[in-house]
Each structure stands twice: as C-alpha cells, then as structure tokens.
1. Kindly evaluate T118 against the criterion of being touching an Asp or Glu at 6+ places or on another chain (Cβ under 7 Å) and either under 21 Å from Y8 (Cβ atoms) or without any contact (Cβ under 8 Å) to a residue 24 or more places away in the chain (or both).
2. What residue, among those in segment 70-98 that are part of a loop (DSSP other than H, G, I, E, B) and touching a residue at least 40 places away in the same chain (Cβ under 8 Å), is farthest from V134 (Cα to Cα)?
3. Find all pairs meeting these conditions: Cβ atoms under 6 angstrom apart; at least six residues apart or on different chains; first residue within segment 40-54 and without any contact (Cβ under 8 Å) to a residue 12 or more places away in the chain; second residue within 14 Å of ligand 1 (Cβ to nearest atom).
4. State whether one or more residues within segment 23-30 are of a type in the set (A, V, I, L, M), near ligand 2 (Cβ under 8 Å from one of its atoms), closer than 21 Å to K77 by Cβ and surrounded by 13 or more Cβ atoms within 10 Å (Cβ to Cβ).
5. Report yes if some residue within segment 36-46 is charged (D, E, K, R), assigned to a strand (DSSP E or B) and within 11 Å of ligand 2 (Cβ to nearest atom); otherwise report no.
6. I'd like to verify a number: residues in segment 36-52 that are touching a helix residue (DSSP H, G or I) at 6+ places or on another chain (Cβ under 8 Å) and crowded, with 16+ Cβ neighbours inside 10 Å, how many?
7. Being in contact with a strand residue (DSSP E or B) (Cβ under 7 Å, 6 or more places away or on another chain), under 20 Å from L153 (Cα atoms) and not in a helix (DSSP H, G or I) is the filter here, so list the residues in segment 99-128 that pass it.
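Derivation of every value follows stated rules applied to the coordinates shown; laboratory data play no part. Quantities reported herein were computed from a predicted structural model and do not represent experimental measurements. Here the Cβ is made from the backbone with ideal geometry for all residues, glycine too, and neighbour counts use every protein chain on show.
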Amino acid sequence: MNEPFADYVLGRSCEGCTMCCKLLRIEALDKPRSQWCKHCDIGTGCKIYQERPTECRDFDCGFLTQANIGDHWKPAKSRMVITLATEPNRLTVFVDPDRPDVWRKDPYFSDIKNWARTAAKNRGRVVITQGTDVFVVTPDGETRLGPVDDDQLIISRRKRGSSGAGVEHITVNRNDPVMAAMRLLKDRDAAKNASPDELAESRRQVDAWLAQHDK
Ligand code: SF4
Ligand code: SF4
C-alpha cells in the first residue's frame, strides 16, 4: 500500500484495495505470496501503516502509475496486481490464486497479449505469477515454467530444436555466480568497459552453464 503521489495516474489511489498485501511476498515479514498479511485490514488498509516495511512503502504498483493500464485493472476488482519493477524489462502480473485463470479472460488477456508483443520488440517479457506457478507470455503463446521462487530469475534464449527455432525460458538462481557473467554480457555500458579477456571469460562461463542446462 502506498501514499498518494503526484506521479499517480489522475483519479487512481489505493482506496478500497489491499490486494498487494495478499499477492506479494514481503521478505521483511516472512510473508509468502498469495497469503494475506497479518497486518492487513482487508479492503481497508494497513494496521501498521506508519511502521510498514520498506518493501511495502517502495512497491511500484503499475495500476497507480501507468496510464496505459486501463481502469479495469484496478486490483480490488481484477484481483491482479501489476508491477514493472521485479526485473528490468519485465512486466509481472500477480494473480490471486482464488481467481485462477482470470488473466486468460478478456479484457485482461487481450491487454496481456498486446503487452507481450511490445515486450518482444524490446527484448522484454510478460510474466504471470499465480501463487508459485509462473507463466511467460509471448506473442506466439505461453510457456508454463511451474514453480519459480522469488530468488530465481527467468532468462530467455533463442533455441533451435527438432520442431524449429523458438525461445526457451530458463530459471536461474539470483545468486548463481553465472549471473555476473550474464549481466556483463547483457549490459552494453558494462561490456564497453570490460576487456576482451573479461568478455571472453564471461561468454565461456555462460556457454558452459547453458551446456550443463541442456544435458
Ligand atoms: S495493489 Fe496497488 S492499488 Fe491496490 S493497495 Fe496495493 S498499491 Fe494500492
Ligand atoms: S505491512 Fe501493511 S502494507 Fe505491508 S503487506 Fe502488511 S498490510 Fe500491506
């Protein structure tokens, strides 16, 4: 739950909504996803508002800040919470497991497919999180990844298989040493400042990790 900010879309607020207090994990409170926070007065607000954790204060709610997200996405009504802040270039939709598959219905699904098309042009992705079950939606369809922890990241790569070329989505632990090499190769500015040897070593580490994954 957030305080009203000047950069909120005109007319939008948290009033009557506490969905993020159910759908998100709050590490500081050891609160898992998809369970109501013990401090939540459901539909009204936070009982420890002044002392709420930084994660709650800093939560970037897409409905509040993104004008291109329609009014029908109001979390209290849609039972879904959108954020663009979990990872760079990723839009995540947290879905209430008590309303399974609500995201597959229109007008939501049409929006999700449109966002997936835009994301694909920008090497981004749209991720649907329903409890621990996670899906990646692309313009061509969707991939069910199954349970993905908050400590895991999703990486995507083009891959050629027996049925032709496609995109594969793989999970990797946030603290896995290979992540440093992946970040270096992905970050244009960091790559520009790296030596040829550093880049070659990073490429070697990533290739070895992917080869291990393919076994
Ligand atoms: S989901 Fe968004 S609108 Fe609803 S309470 Fe949380 S921050 Fe406010
Ligand atoms: S501490 Fe307050 S704002 Fe944070 S999840 Fe719990 S009820 Fe929501």
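1. Working: touching an Asp or Glu at 6+ places or on another chain (Cβ under 7 Å): no; either under 21 Å from Y8 (Cβ atoms) or without any contact (Cβ under 8 Å) to a residue 24 or more places away in the chain (or both): yes.
Answer is no for this residue.
2. Let us first name the residues in segment 70-98 that are part of a loop (DSSP other than H, G, I, E, B), namely 70, 74, 79, 84-89, 96-98.
When the remaining residues are screened for being touching a residue at least 40 places away in the same chain (Cβ under 8 Å), the result is 70, 74, 79, 86-87, 96-97.
Details: G70: 23, K74: 21, R79: 16, T86: 14, E87: 15, D96: 12, P97: 12 Å.
For segment 70-98, the residue satisfying everything is G70.
3. Within 6 Å, the pairs are K47/H39; K47/D41; I48/H39.
4. Taking segment 23-30 and keeping what is of a type in the set (A, V, I, L, M), we get 23-24, 26, 28-29.
Narrowing the set further to residues that are near ligand 2 (Cβ under 8 Å from one of its atoms) leaves 24, 26, 29.
Still in the running and closer than 21 Å to K77 by Cβ: 24.
When the remaining residues are screened for being surrounded by 13 or more Cβ atoms within 10 Å (Cβ to Cβ), the result is 24.
Yes, some residue in segment 23-30 is of a type in the set (A, V, I, L, M), near ligand 2 (Cβ under 8 Å from one of its atoms), closer than 21 Å to K77 by Cβ and surrounded by 13 or more Cβ atoms within 10 Å (Cβ to Cβ).
5. Yes, because at least one residue in segment 36-46 is charged (D, E, K, R), assigned to a strand (DSSP E or B) and within 11 Å of ligand 2 (Cβ to nearest atom).
6. Residues in segment 36-52 being touching a helix residue (DSSP H, G or I) at 6+ places or on another chain (Cβ under 8 Å) and crowded, with 16+ Cβ neighbours inside 10 Å: 4 in total.
7. G124, R125, V126, V127, I128
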